[in-house]
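Please treat every number below as a calculation from the coordinates, not as lab data. Keep in mind that this is a model prediction, so the values were computed, not measured. We place every Cβ from the backbone using ideal geometry, glycine too, and count neighbours over all the protein chains shown.
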Amino acid sequence: MGDSAMHLYDMVVVGGGPAGYTAALYAARAGLDVVVLERMAPGGQAALTAWIDNYPGFPEGIDGVTLGQNLRAQAERFGVKTVLTAVKALRLAGERKEADTDEGTFSGRTLVFAAGARHRELGLPGEKTLTGRGVSYCAACDGQFFRGKTAVVVGGGNSAAGDALSLSKLCRKVIVIHRRDTLRAEKRLAESAEKAENLSFCWNSTVSGLLGDDRLTGVRVKNLLTGAETELACDALFVSIGMAPETELLRGQLHLDKDGYIPAEESTVTEIPGVFAAGDVRTKALRQIVTAAADGASAARSAEKYLESH
Ligand code: NAP
């Protein structure tokens, strides 16, 4: 706590996911003094993923929590410091980049912003109250609470298909509600989901309302072709409709695109000198652990170059 206000790090990393820890690892190996500020647990969204089969180097796959711990341990082996604290405000314009937290203000000559993304919400009345009472955004975290029950999954991408598949192994019945008549998930996932016996699809439909006061008891389903609304009893609703970037802290300091992402090329260089955007917060075509890690390495290299010329 005490040293945070006085000490000037070479690099402050906001976010301890694959992007943040890879930036920290590369920077520390290049001799920089680095602190990672992470508000939950190392690994970011990856740590919320039950099993990861598409990150190279793990032939049998790896669970997300272990991958997160490994990312941290590897960076710390080279002297990176981790502080588990939420960043409340950032001051980025000056030579000294400052991050305010409950543990004090952390200052860096450079700052890598790698705060990742969060789950998008449906925006329905009662959604916030019922979160944790039947409404969930993380099948890997909460699926186990609905063993033998009926779960609805809303969405049609990789997350929805993957969530529906893993829930089909736990729940009695899983119903996917999607606003189109086909999944946009990758073929392998979509085919496996369509084959699962206790998994059914409700196409061209949206969840238009949540039922239940203290606990979710069902959802209202709107057919987008006919406009008809019906009620569907269920124990859980998993909202798997994609992600939104965690960039609110940057509003007014940095230009963001219409979806809230930070416009930056592969170099991760942003319009503020000394500030780099890595991982899911950056404009890019593919948001995966491997592309986040790649951004981390680029951010460290770009930060090194910046420090050499300042
Ligand atoms: P996504 O690909 O953006 O899909 C979001 C889905 O939710 C779409 O089907 C979309 O419908 C639907 N949707 C969005 N807003 C909605 C709303 N308000 N109401 C109802 N439906 C709504 O998101 P994702 O599946 O979370 O994937 C995000 C990224 O992570 C992607 O790049 C994905 O490839 C990656 N990912 C990869 C894996 C993997 O195994 N490799 C697993 C999970 C995620 P429309 O189709 O109509 O737009």
Ranking Leu250, Ala300, Gly148 by how far each Cα lies towards the positive end of the charge dipole of the chain (+1 on Lys and Arg Cβ, -1 on Asp and Glu Cβ), the top one is Gly148
Partner lysines whose C-alpha sits under 30 Å from that of Lys97, ignoring same-chain residues fewer than 8 away, are Lys81, Lys88, Lys258, Lys284, Lys305
Once normalised by the length of the chain, the mean sequence separation of its alpha carbon contacts under 8 Å that are 6 or more apart gives a contact order in percent of 21 percent
Measuring from its Cα centre, the chain shows a charge dipole (+1 at each Lys and Arg Cβ, -1 at each Asp and Glu Cβ) which, in debye to the nearest 20, is 520 debye
Helix-only [θ] at 222 nm, the chain, -39500 (n - 2.57) per DSSP H run of 4+, per residue, nearest 500, equals -7000 deg cm²/dmol
Toy charge model, Lys and Arg Cβ at +1, Asp and Glu Cβ at -1: region 210-286 dipole around Cα centroid in debye, rounded to 20, equals 140 debye
Taking Lys and Arg as +1 and Asp and Glu as -1, residues besides Val80 with C-beta under 10 Å from its C-beta add up to +2
Quick note, region 159-209: a/c under 1.5 would make it rounded; otherwise a/b > b/c is prolate and the rest oblate (a ≥ b ≥ c, C-alpha gyration tensor); here it is oblate
The distance between the Cα centres of region 25-56 and region 64-139, in whole Å, is 11 Å
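Take the Cβ-Cβ distance between Ala233 and Thr182 as r, set R0 to 30 Å, and report the resulting FRET efficiency rounded to the nearest 0.05.
About 0.70, to the nearest 0.05.
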The farthest towards the positive end of the charge dipole of the chain, of the residues Thr230, Thr206, Ala278, given +1 on Cβ of Lys and Arg and -1 on Cβ of Asp and Glu, is Thr230
In nanometres, the difference between 0.36 nm per residue of separation and the alpha-carbon distance of Arg147 and Glu127 is 5.0 nm
GNM on the chain, Cα springs under 10 Å; top mean-square fluctuation among Ala23, Ala264, Ala292 goes to Ala264
Mean separation of Cα contacts under 8 Å (at least 6 apart) over the residue count of region 191-303, i.e. the relative contact order in percent, is 14 percent
Everything considered on the Cα gyration tensor (a ≥ b ≥ c; rounded for a/c under 1.5, else prolate if a/b is larger than b/c, else oblate), region 148-304 must be described as prolate
Sparse-neighbourhood loop hits (trypsin sites (Lys or Arg not before Pro), region 198-238; DSSP loop; Cβ within 10 Å at most 16 others) -> Arg215
Counting only DSSP beta bridges fully inside the chain, the antiparallel percentage to nearest 5 is 40 percent
With Cα springs under 10 Å, the Gaussian network model of the chain assigns the largest mean-square fluctuation among Pro245, Pro18, Pro125 to Pro125
Ranked by GNM mean-square fluctuation in the chain (Cα springs under 10 Å), the top entry among Leu237, Leu165, Leu224 is Leu224
The longest stretch of the chain containing none of the GluC sites (Glu not before Pro) that sit in a DSSP loop with at most 16 other Cβ atoms within 10 Å is 198-264
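Over region 113-248, what is the mean sequence separation of C-alpha contacts under 8 Å (at least six apart), divided by residue count, expressed as relative contact order in percent?
35 percent
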Spelling it out for Leu237: with amide H atoms placed in the peptide plane at 1.01 Å from N, the residues 5 or more places away or on another chain with amide H under 5 Å from its amide H are Val135, Ser136, Val152
Toy charge model, Lys and Arg Cβ at +1, Asp and Glu Cβ at -1: region 20-99 dipole around Cα centroid in debye, rounded to 20, equals 400 debye
Sparse-neighbourhood loop hits (chymotrypsin sites (Phe, Trp or Tyr not before Pro), region 1-74; DSSP loop; Cβ within 10 Å at most 13 others) -> Trp51
For the chain, whose charge dipole is built from +1 on Lys and Arg Cβ atoms and -1 on Asp and Glu Cβ atoms, the candidate among Ala190, Gly157, Leu92 with its Cα farthest towards the positive end is Ala190
Per its Cα gyration tensor (rounded if a/c is under 1.5, else prolate when a/b beats b/c, else oblate), region 198-287 is best filed as prolate
Other residues with Cβ under 13 Å from the Cβ of Asp53 give, with Lys and Arg +1 and Asp and Glu -1, a net charge of -2
Among the Cα-Cα pairs of the chain, the proportion with separation greater than 25 Å, in percent, is 52 percent
At the level of C-alpha centres, the distance separating region 280-298 and region 174-240, in angstrom, is 30 Å
